[in-house]
Amino acid sequence: MPLTILLPIVVLGIAGIAILLHLTGHSAPVILRDAAQVRREWARHFPADPPDAVWWTPEVALVRLSDGFGLLGRMGADTVAHRLARLEPAPGGLRAGFADFAFPDRHLTLSDSQRDEWLAQWRNRHA
Amino acid sequence: MPDYPAVVDWAVPVFVLAILMEFAWIHLRRRGGRYETRDALTSLLMGAGNVAEGILLGFVGWWVLMALWRITPLDLGTSWAVVALCFVLDDLRYYWVHRIGHRSRWVWASHVNHHSSQHYNLTTALRQTWTGTITFMVILRAPLVLLGFHPAMIVFVGGLNLIYQFWIHTEAIGRMPRWFEAVMNTPSHHRVHHGRNPRYLDSNYAGVFIIWDKLFGTFVPELDDDKPEYGLVHNIGTFNPLRVAFHEWVGILRDVSRRGITMRHRLYYAFAQPGWSHDDSREDSAAIKRRYLAAHPEQRGTPGFDEP
C-alpha cells in the first residue's frame, strides 16, 4: 500500500479511536475509596508484601511495608504500584521517586496535613 | 524474485475497523472487555512505531535472509503447496522465537512492551516492539531459507501469521468450537498467554497453531475459576511510548554496568531468564510459581502447576 494512503489511515485511525474513547467516557481514572480497596489493589501487585498500614487520597496511597514503603497510584482506569526509593517535599504535596525508568517520578497532590503525615512516616523509617 | 503483497499494510484499515467494532460491542453491551483512552492510544502508537521501525530497519533482516538465499543450493519454488508448508514451518519458527522471547531477557526486552498493558483488547495486539531487529532473532528464519523457501515468501507468511494473531486479542469472544480450540490459537488460549497469574506465566507461546504448545509441553488451558489478569508481574507506571519501548533495555544496561559483579553475572543479567538476579533479590517465573504453590498447595498438579 502506498505510504500516501497508509499514513493518513494510521494517523486518522489512531486519532479517531482516541477521540471516540475519550468522548464516550473511557478516560475516567480509578478512584481510591477506602483502605480495603488500597490493600486489595496493593496485593494485586505485590501479593507477597502485605502492608502494615496505608494512607490514601482518591488519587494515590502510601503503603508502609515491613521493610520500607510503597506507592499505589493511578494508571488510567487501573492502579499501579512500586516500592518507594525517595519521598520529598514539593509544591502542593510531595514528589515520589522510584529509581526505575519504567516508573517515572510522580508528583503527589496532598493537603498540608497529609503531606506532613506522609513525610513524617517516611522520615521515621529513614531517619 | 517472487512478488507477494505487503499484507500487513493492507490489513491496517481492517485493524481500525475491527477495533471500532469491538469497542462498540463492549460499550453497548457493557461486557466482553475494557477500553481506556490512554492505554489504547499507547498501544496504537506502539503499533505505528513498529511499522516505522520495519521501514527504517527492515532491510537488516532482509539482507541477512538474502545472503543466506544466495548460498543455499535449494529452491522449493513458489507453488501454493510450498507457501502453505512455509506458513506451517514459519509458525513453528514463531513458537520458538516467542518462547525465547519470554525466557531470555535480551529478547524479552523487545517483547515486554506487548505485555505491558493491563487491558486486553484488539489495540493490545498492535502494542508491538520497536526493537525487534536488535534481538537478532531473524537468525531463526535461517533454516527456512536454507531449506529453499524464498525470503519474500517467508516475510509474506510472517505477515499472515501476524494478521491471524490480531483477532485473538479480545475478551469479546469466549471460546471457539472444540475442534478449533484443539488445533488453532484462539482468544481463550491467548488470554492465558497474557495472564500475569502465576498459573499462566510462560505458557501458550503459539502464533497460529496451538499444537506447538501441546507438543512441547507449554500449553495451559484457560480456567473459569482463574480469570486471567493482564499485564506484567511488575506493571510499568507509564503510558509514554518511549519508556514502554525501551524500559527493559535501560534495565539491562543498568544491571550489566553494576559495580562489584562478575562478567558471568553481567552476561546473565543480559541473557538469562527475566527476573534473574545475582543475589536472588528478584523472582523469575519459576520462583513466582513456587511461592504461589507454597501459599496454595492444593493447586499443585493443576494446569500451569504441573512441574514439581
Note on chain B: alpha-carbon gyration tensor, axes a ≥ b ≥ c; rule is a/c under 1.5 for rounded, else prolate if a/b larger than b/c, else oblate; result rounded
Per-residue average of other protein chain Cβ atoms inside 10 Å, peptide B:47-58 -> 1
All alpha-carbon distances of region B:1-103, grouped into 10 Å bins from 0, give the whole-percent distribution 10, 27, 34, 20, 8, 1
Residue-normalised 222 nm signal for chain B, counting each DSSP H run of n ≥ 4 as -39,500 (n - 2.57), nearest 500 deg cm²/dmol, is -17500 deg cm²/dmol
Given a Förster distance of 51 Å, the FRET efficiency implied by the Cβ-Cβ spacing of B:His27 and B:Met263, rounded to the nearest 0.05, works out to 0.40
Note: B:225-235 gets an average of partner chain Cβ contacts (10 Å, Cβ to Cβ) equal to 3
Exposure proxy check on B:Phe59, B:Phe23, B:Phe246: fewest-to-most Cβ neighbours within 10 Å is B:Phe59, B:Phe246, B:Phe23
Expected max-MSF residue from B:Leu89, B:Leu74, B:Leu122 in the GNM of chain B (alpha carbon, under 10 Å) is B:Leu74
The ratio Rg/Rh over the Cα atoms of chain A, Rh being the Kirkwood inverse mean 1/r radius, stands at 1.13
Nearest-0.05 FRET efficiency for A:Ala120 and B:Leu146 at R0 = 51 Å, using Cβ-Cβ distance, is 0.15
The simple spin-label model distance between A:Ser111 and A:Ile5, using points 7 Å out along Cα→Cβ, in nm, is 6.1
Here FRET efficiency (C-beta to C-beta, B:Met184 to B:Ala52, R₀ 25 Å, nearest 0.05) is 0.25
Here the convex hull volume per residue of region B:182-308, taken over Cα atoms and given in Å³, is 147
Residue separation between B:Phe136 and B:Leu253 times 0.36 nm, minus their alpha-carbon distance, gives in nm 40.4 nm
The answer for the net charge of residues other than B:Leu144 whose Cβ lies under 10 angstrom from its Cβ, with Lys and Arg +1 and Asp and Glu -1, is +1
For the protein assembly as shown, inverting the pair-averaged 1/r of distinct alpha-carbon atoms gives a Kirkwood value in Å of 23.4
The alpha-carbon center of region B:237-299 and that of region A:56-100 are separated, in whole Å, by 22
Reduced to Cα centres, the span from region B:81-153 to region B:27-48 in Å works out to 24
Across all Cα atoms of region B:265-308, Rg and the largest Cα-Cα distance (Dmax), in Å, are 12.7, 38
Output field shielding_mean for A:10-17 (other chain Cβ, 10 Å radius) holds 6
Residue-normalised 222 nm signal for chain A, counting each DSSP H run of n ≥ 4 as -39,500 (n - 2.57), nearest 500 deg cm²/dmol, is -12000 deg cm²/dmol
Comparing A:Arg64, A:Arg33, A:Arg74 in a Gaussian network model of chain A (Cα, 10 Å), the one with the largest mean-square fluctuation is A:Arg33
Ranked by GNM mean-square fluctuation in chain B (Cα springs under 10 Å), the top entry among B:Phe149, B:Phe180, B:Phe219 is B:Phe180
So for region B:215-285, using the alpha carbon gyration tensor with a ≥ b ≥ c as root eigenvalues (a/c under 1.5 gives rounded; past that, a/b versus b/c decides prolate or oblate), I'd call it oblate
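Bear in mind that the values in this text are calculations on the coordinates, not laboratory data. Every value quoted in this text rests on a predicted model; they were computed, and no experiment measured them. All Cβ positions, glycine included, derive from the backbone under ideal geometry; neighbour counts span all protein chains shown.
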